[in-house]
Structure formats: C-alpha cells, structure tokens
Amino acid sequence: MVYRACLVLALTAACSDSGNGGGGEGGAGASSGPGAGAGPSGVGGGVQPPAPACSAADPPGSSEVALPTITHELFDDWRESWSASPAAVDLDGDGVTEIIASRSGRVVTWHATGEVVWSADVEGRCWSSPVVADVRADLPGLEVAQASGDKIYLFSATGGIASGFPYTFRGELRSLAAGDIDGDGELELVSVTTQNLEANGQRDIVIAVNPDGSTVTGFPPNTSGASGCDDACYVYNGYDQNVAIGDVDGDGISDIFATQDNAYNSLHRGTGEAFDCAPIFSGRTKFLGVRDLHNYAEAQQGYAEDEATALQAHHTNTAPALADIDGDGVAELVFLASVQNAAQDDREQGVALWVLKPDGTRPADWVEPLHFSDYLSGLWDYGETNIVAITNQVSVAELDPDRAGPEMVFAGFDGKIHAVDSSRNVLWSVAYTQSDVVATGGVVIGDLSGDGAPEIVFATYSTEVGFGELFVLDGGGNLLHRLPLPGRGAMPVPTLADADNDGAVDIIVSLKDSENGAPQILVFGVAGARENCLSWPTGRGNTLRNGYLPPG
C-alpha cells in the first residue's frame, strides 16, 4: 500500500531512551515537508546539535546551511542507475574535476560544464560504486575500476581499458573495493560474488585481483586451501556492496571483511588466510564459523535453544564498515544486518547494529547488537520495477566530540535514519517517510556551512514517480532542507565534493531514471560549503569504497 498523504506530512524526529536499548535524549518535533506550503527548508525537532566535530573553514563559516540549488545537470542517454554512488575527482591531473557515474551497462565521465569526457560500456548493471584510485603505476593519473556482471574493469584516466582487464570471476559482482592487502605498496581490487564457487569441500565468494589483472596469490581463499578452513566455515553468496577493507588486527596491512547471505561472515588476511575465532566458540576454529545469534551465549555454543524465538542476523544486503569503536586503536567490524528468527520463518524484524572483534568476540558495550525492531519495508526488492531493497549500510564519522569514539548513522527498515554513539546509545531517530514504497540507499556526512559541524545528507527513491527527495539534517537530526527529486528519485548514495572547481562542496546526485531527455546527474551547489570536514562524503566512505575509517 502507498500512503501518498504521508509524503507531504512533517518530517519528525522521535528520540527515546527505551525500546531500542539506547540511552538517547528525549524530544520530538516537526517541520513542514514539500506540498505542505512551507517550502523545503526549516529546522525540525531532533535533539540539540552537538558542538562542531571538525575545524572550521578558513575563514570560519556560518552555522546556517544554505539552501542547495541545482547548478549543473549532466546528460548521457536512457541508462538507469542502480546503487553506484558517483565520484568527483581530477582523474588526469589537469586541475579540472571529472564526475564519474556508473549506470546500467556504462561508466560515464563528465565535466561539470556538461561535456562527456569519456564513457565505456560494460557487460551488465553497475551495482557497486566506481573505485577511483592510483591502481597502476604504469598509467598516468588515476584509474577507474568498476564491477559489472561477472567482470572487474579497470579504465585509465582517459577511458582506455587497462591491460589485463577485464577480469572475469563468476555470478554477478555487486561489490568492489581497493586496498593494499599484501603490504606491497600497491592497491589490489576485491569483490564478492552472488554465485559461490564450490570445490574441495569448500565454498568461495571473495576474489582479489592484482593491478595487472592477475589473481592475488591465495585467492579464492577457501577452495584453494589458503584460508585453512575446516568443515565449519559457512560461506554463501554476497548481494549488495558486501565488502570492506582495512586493518583489523593492528599489523599495518589491510584485511578483507565480506558479509554474506546467511548468519555468518567471512574475514581474511591478504594471504587468503581466514581469521581464527576465539576458543569460546564451541566446535569452531575460524571466524567464518561464528553464527551471529543475538544472544552471546547462544552464539558461543553455535545454536539457539529455541529457534522459533531466538534472533539472529542475516547479511544479504549488508555493506560493512571498519572503525575503531572501543578506542583501542584498532578497527572493529561494524555492520548493520536484517533481523530474523533463527528458524528463518519470521524475517521482518527490523535491523540490528553489530560491532565485533576479528576473533568473533564482542566489545563490552556491544555484547548484544542494538536492535531496531520496527518494520515498514526494505528487506525485499520493491516489485518488478528495478527498485531494489534497502542497502543495510552504516556511515561512521565523528559527529559529537563530547562522546568517546565515532558515531554511526544508518537507515533502518522503519522509515527512519538513526544515529548511535560508540557506547551503544541511541542519539536520535528521524522519520523520513511513512510510506512502504519509499526508501534510501544510505547517508553521507560532511560540513556544508564551514563551521566545522557535519551535516547528514541522503536521497530517497520509490517505485512511484515524484516521491524521491533530497534531505539535509544537522548533527542533531533536525531537518534543514528537503528538496524534490525528479523521476523515481535516487537509489545511489549522494556524494559531497567540489564538482565544478569553484572551491565549494556540492551535493552530487545520480538519479535512478533518465528517460525522455531527463538528466542522469544533478549537481546541487551549497553556498559556503567548503572542504574542511568531509567525514564520510560518498558511498562506502571514500573513492576506494573500502568502508574504512582509520583509527585516530
């Protein structure tokens, strides 16, 4: 059912210290939304915004965020977007920013003037965001890597295909990230497939590729024997940007965390070796055998006493992050998972936020995941309209300098954006819709006024035309701006970057639709926005798409 009237009601913030296991502050309020006669701006009822978390711009900006206005529209042809967040980077080093977007079957690069600099066709839809990085030392400038279909592509700064690519694996590759996983000073490309490889009594979903297009030694890790897995490594497919890369054991070398379509996850070193789990997990030797049951004692024994009522995680659409949550100087595994009963016959139980150590143990504040049980929609794809389920991804950034550790911001299955601190306290929860056909792909975080206080930006999408919107909230969850988006809105997470080289940060939105001469990209200028504080400015956190917030 579509609750059309709800889309023009007030955006409200509902904060509570009960029900979600948190200790957030109370408060509620409202601000008029589009169609209600008050225009797109206005501050709603979140909580008091925290003190600035970053240094202010030079000279310092205002605490008031200017209304975003469309400054550039970029066109190509009919190709729709999936979940790929755009990038804005100077690829060729000429001082002019290129805007890169991955659509259905094509990677397109523009200048903000509207000129298509280059485009390259690929085989399949582009679910994952383009990786933009210096992958190849033998090529000038930066490269663009893209996963599409069963292939990984690598393009030069001018759009030529790099030697050794495309690399072919299997299934559909819906994730792609870059990181130095072997400590050789070069970036490797890592992806997760929707169709697991079975051989030698093991399953594999993770592949790692060298800059020259060859397979990294030790991959695929399980079927090759490099992981050291036994018969209790439970691996099964990954469907939605399911990989993060970063150092989780403090050795200075990046590791690979891959979430998957069951109650288990994969964690590998760059050699392919699977991380060992702690001895408290009965009958398990590897992290890949630790079942994410909510009850910690049941997770340790590996089964639920009552599978009809026990809760567990399911990671089908989980896009993970890595960040130091407990302040020990080493990143933890941070992820948002859907919640189901252990019997898997009651799946619409909302989402839960998890923090784990690489041995499967849980920090003191996170012995039980933080459960947001309300359910509106988002677990399932939205019909046959190429509108996909909500990506369970968490953005991690310093929002409140008075609280230890970073904060985590994410969309639930309840039509709300939630903010949680590192001690498991709910700071606020803001409703952006009451419709079961309106969703968001996730949030970005960055200062849009130059005062050092980050804002939260996200776009919504829908099966219905005219229901997509662009939202700007302050760090307390108060509504600052709410603007309509054309067509069915935008499934990809927006990007905060200077798109037109004017020194100001823009909001770059890759629209779902582009039919009948409509633009594919909208660039919103925000007067006074500068680059002093871009905390989590694009999908998966950065253009490596690694979901990693380094400690410190």
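Farther than 18 Å from Asn392 by Cβ, assigned to a loop (DSSP other than H, G, I, E, B), of a type outside the set (S, T, N, Q) and in contact with an Asp or Glu (Cβ under 7 Å, 6 or more places away or on another chain) - does that describe any residue in the stretch 278-300?
Within the stretch 278-300 (the criterion being farther than 18 Å from Asn392 by Cβ, assigned to a loop (DSSP other than H, G, I, E, B), of a type outside the set (S, T, N, Q) and in contact with an Asp or Glu (Cβ under 7 Å, 6 or more places away or on another chain)), the answer is yes, since at least one residue qualifies.
Tell me, please, whether a residue that is more than 21 Å from the chain's Cα centre (by Cα) and farther than 25 Å from Arg362 by Cβ can be found in the stretch 410-424.
We begin by selecting, within the stretch 410-424, every residue more than 21 Å from the chain's Cα centre (by Cα); these are 423.
With farther than 25 Å from Arg362 by Cβ added as a condition, the list becomes none.
Within the stretch 410-424 (the criterion being more than 21 Å from the chain's Cα centre (by Cα) and farther than 25 Å from Arg362 by Cβ), the answer is no, since none of the residues qualifies.
Can you confirm whether Gly487 is in contact (Cβ under 8 Å) with a residue 24 or more places away in the chain, open to solvent by 10 Å² or more (accessible area, probe 1.4 Å), closer than 29 Å to Asn386 by Cβ and in a loop (DSSP other than H, G, I, E, B)? Don't jump to the end; show me each part of the working.
Working: in contact (Cβ under 8 Å) with a residue 24 or more places away in the chain: yes; open to solvent by 10 Å² or more (accessible area, probe 1.4 Å): yes; closer than 29 Å to Asn386 by Cβ: yes; in a loop (DSSP other than H, G, I, E, B): yes.
So Gly487 fits the description; yes.
Would you pick out the residues in the stretch 422-439 that are more than 12 Å from Phe471 (Cβ to Cβ) and assigned to a loop (DSSP other than H, G, I, E, B)? Break it down stepwise before answering.
In the first step, residues of the stretch 422-439 are kept if they are more than 12 Å from Phe471 (Cβ to Cβ); the result is 422-429, 434-437, 439.
Within the stretch 422-439, Ser422, Ser423, Arg424, Asn425, Gln434, Ser435, Asp436, Val437 qualify.
Kindly evaluate Leu333 against the criterion of being open to solvent by 10 Å² or more (accessible area, probe 1.4 Å) and hydrophobic (A, V, I, L, M, F, W, C).
Values: open to solvent by 10 Å² or more (accessible area, probe 1.4 Å): no; hydrophobic (A, V, I, L, M, F, W, C): yes.
Here the answer is no, as Leu333 does not meet what is asked.
Tell me the residue from Ala57, Ala87, Ala53 that is surrounded by 14 or more Cβ atoms within 10 Å (Cβ to Cβ), small (Gly, Ala, Ser), over 26 Å from the mean Cα position of the chain (by Cα) and modelled with pLDDT of 95 or more, please.
On the way: Ala87 fails: over 26 Å from the mean Cα position of the chain (by Cα); Ala53 fails: over 26 Å from the mean Cα position of the chain (by Cα).
Testing whether each residue is surrounded by 14 or more Cβ atoms within 10 Å (Cβ to Cβ), small (Gly, Ala, Ser), over 26 Å from the mean Cα position of the chain (by Cα) and modelled with pLDDT of 95 or more leaves just Ala57.
Restricting the search to the stretch 526-552, which residues are open to solvent by less than 10 Å² (accessible area, probe 1.4 Å) and not in a loop (DSSP other than H, G, I, E, B)?
Passing the criteria: only Trp536.
Let me confirm something: among Ala278, Ala244, Ala319, Ala263, which residue is over 20 Å from Ile390 (Cβ atoms) and either of a type outside the set (Ser, Thr, Tyr) or touching a strand residue (DSSP E or B) at 6+ places or on another chain (Cβ under 8 Å) (or both)? Walk me through it before giving the result.
Working: Ala244 fails: over 20 Å from Ile390 (Cβ atoms); Ala319 fails: over 20 Å from Ile390 (Cβ atoms); Ala263 fails: over 20 Å from Ile390 (Cβ atoms).
After ruling out the rest, the residue left standing is Ala278.
Restricting to the stretch 145-176, give me the number of residues that are open to solvent by less than 30 Å² (accessible area, probe 1.4 Å) and assigned to a strand (DSSP E or B).
10
Could you list, in sequence order, all residues of the stretch 231-247 that are open to solvent by 30 Å² or more (accessible area, probe 1.4 Å) and either in contact with a Pro (Cβ under 9 Å, 6 or more places away or on another chain) or farther than 23 Å from Trp127 by Cα (or both)? Can you show your working first?
Our first condition is that a residue be open to solvent by 30 Å² or more (accessible area, probe 1.4 Å); within the stretch 231-247, this holds for 231, 234, 236, 239.
Once the filter is applied, which keeps residues that are open to solvent by 30 Å² or more (accessible area, probe 1.4 Å) and either in contact with a Pro (Cβ under 9 Å, 6 or more places away or on another chain) or farther than 23 Å from Trp127 by Cα (or both), the stretch 231-247 yields Asp231, Tyr234.
Looking at Thr193 and the list (1) touching a residue at least 40 places away in the same chain (Cβ under 8 Å); (2) touching a Lys or Arg at 6+ places or on another chain (Cβ under 9 Å); (3) open to solvent by 20 Å² or more (accessible area, probe 1.4 Å), which single condition is not satisfied?
Here Thr193 meets the rest and fails (3).
Could you check Ser514 against (1) modelled with pLDDT of 95 or more; (2) open to solvent by less than 10 Å² (accessible area, probe 1.4 Å) and say which number it fails?
Here Ser514 clears every test but (1).
Output yes when any residue across the stretch 375-382 is assigned to a strand (DSSP E or B), surrounded by 22 or more Cβ atoms within 10 Å (Cβ to Cβ) and in contact with a strand residue (DSSP E or B) (Cβ under 7 Å, 6 or more places away or on another chain), and no when none is. Please lay out each step first, then the result.
Start the filter on the stretch 375-382 by keeping residues that are assigned to a strand (DSSP E or B), which leaves none.
No, the stretch 375-382 contains no residue that is assigned to a strand (DSSP E or B), surrounded by 22 or more Cβ atoms within 10 Å (Cβ to Cβ) and in contact with a strand residue (DSSP E or B) (Cβ under 7 Å, 6 or more places away or on another chain).
Taking the stretch 358-374, which residues are surrounded by fewer than 22 Cβ atoms within 10 Å (Cβ to Cβ) and either polar (S, T, N, Q) or over 20 Å from the mean Cα position of the chain (by Cα) (or both)?
Matches in the stretch 358-374: Asp359, Thr361, Arg362, Pro363, Ala364, Asp365, Val367, Glu368, Ser373, Asp374.
Just one of (1) open to solvent by 10 Å² or more (accessible area, probe 1.4 Å); (2) outside any loop (DSSP other than H, G, I, E, B); (3) under 28 Å from Pro130 (Cα atoms) trips up Val443, so point out which.
If we test Val443 against (1) open to solvent by 10 Å² or more (accessible area, probe 1.4 Å); (2) outside any loop (DSSP other than H, G, I, E, B); (3) under 28 Å from Pro130 (Cα atoms), just (1) comes out false.
Among the listed residues Gln393, Gln340, Gln344, Gln301, which satisfies the condition of being surrounded by 18 or more Cβ atoms within 10 Å (Cβ to Cβ) and farther than 24 Å from Ala178 by Cα?
On the way: Gln393 fails: farther than 24 Å from Ala178 by Cα; Gln344 fails: surrounded by 18 or more Cβ atoms within 10 Å (Cβ to Cβ); Gln301 fails: surrounded by 18 or more Cβ atoms within 10 Å (Cβ to Cβ).
Going through Gln393, Gln340, Gln344, Gln301 in turn, the sole match is Gln340.
Quick test for you: out of Val339, Val426, Val334, Val430, pick the one residue that is out of contact with any Ser or Thr (no Cβ under 6 Å at 6 or more places or on another chain), closer than 20 Å to Gly539 by Cα and among the β-branched types (Val, Ile, Thr). Can you show your working first?
Working: Val339 fails: closer than 20 Å to Gly539 by Cα; Val426 fails: closer than 20 Å to Gly539 by Cα; Val430 fails: closer than 20 Å to Gly539 by Cα.
Exactly one of Val339, Val426, Val334, Val430 is out of contact with any Ser or Thr (no Cβ under 6 Å at 6 or more places or on another chain), closer than 20 Å to Gly539 by Cα and among the β-branched types (Val, Ile, Thr), namely Val334.
Of everything in the stretch 224-233, what is under 21 Å from Gly283 (Cα atoms) and either among the polar types (S, T, N, Q) or in contact (Cβ under 8 Å) with a residue 60 or more places away in the chain (or both)? Give them in sequence order.
The answer is Ser227, and nothing else.
If only one of Gly228, Gly183, Gly250, Gly213 is in contact with a Phe, Trp or Tyr (Cβ under 8 Å, 6 or more places away or on another chain), farther than 16 Å from Pro130 by Cα, part of a loop (DSSP other than H, G, I, E, B) and open to solvent by 10 Å² or more (accessible area, probe 1.4 Å), which one is it?
Numbers: Gly228 fails: in contact with a Phe, Trp or Tyr (Cβ under 8 Å, 6 or more places away or on another chain); Gly183 fails: in contact with a Phe, Trp or Tyr (Cβ under 8 Å, 6 or more places away or on another chain); Gly250 fails: in contact with a Phe, Trp or Tyr (Cβ under 8 Å, 6 or more places away or on another chain).
Going through Gly228, Gly183, Gly250, Gly213 in turn, just one is in contact with a Phe, Trp or Tyr (Cβ under 8 Å, 6 or more places away or on another chain), farther than 16 Å from Pro130 by Cα, part of a loop (DSSP other than H, G, I, E, B) and open to solvent by 10 Å² or more (accessible area, probe 1.4 Å): Gly213.
The values are calculated or read from the model by the stated rules, or taken from the named source; none is laboratory data. The structure presented is a predicted model; accordingly, all values stated were derived computationally and were not measured. No Cβ is skipped: glycine too gets one built from the backbone with ideal geometry, and neighbour counts run over all protein chains shown. When the accessible area is computed, the model is the full protein with side chains, heavy atoms only, and any ligands, DNA or RNA have been set aside. Shrake-Rupley method; radii C 1.70, N 1.55, O 1.52, S 1.80 Å.
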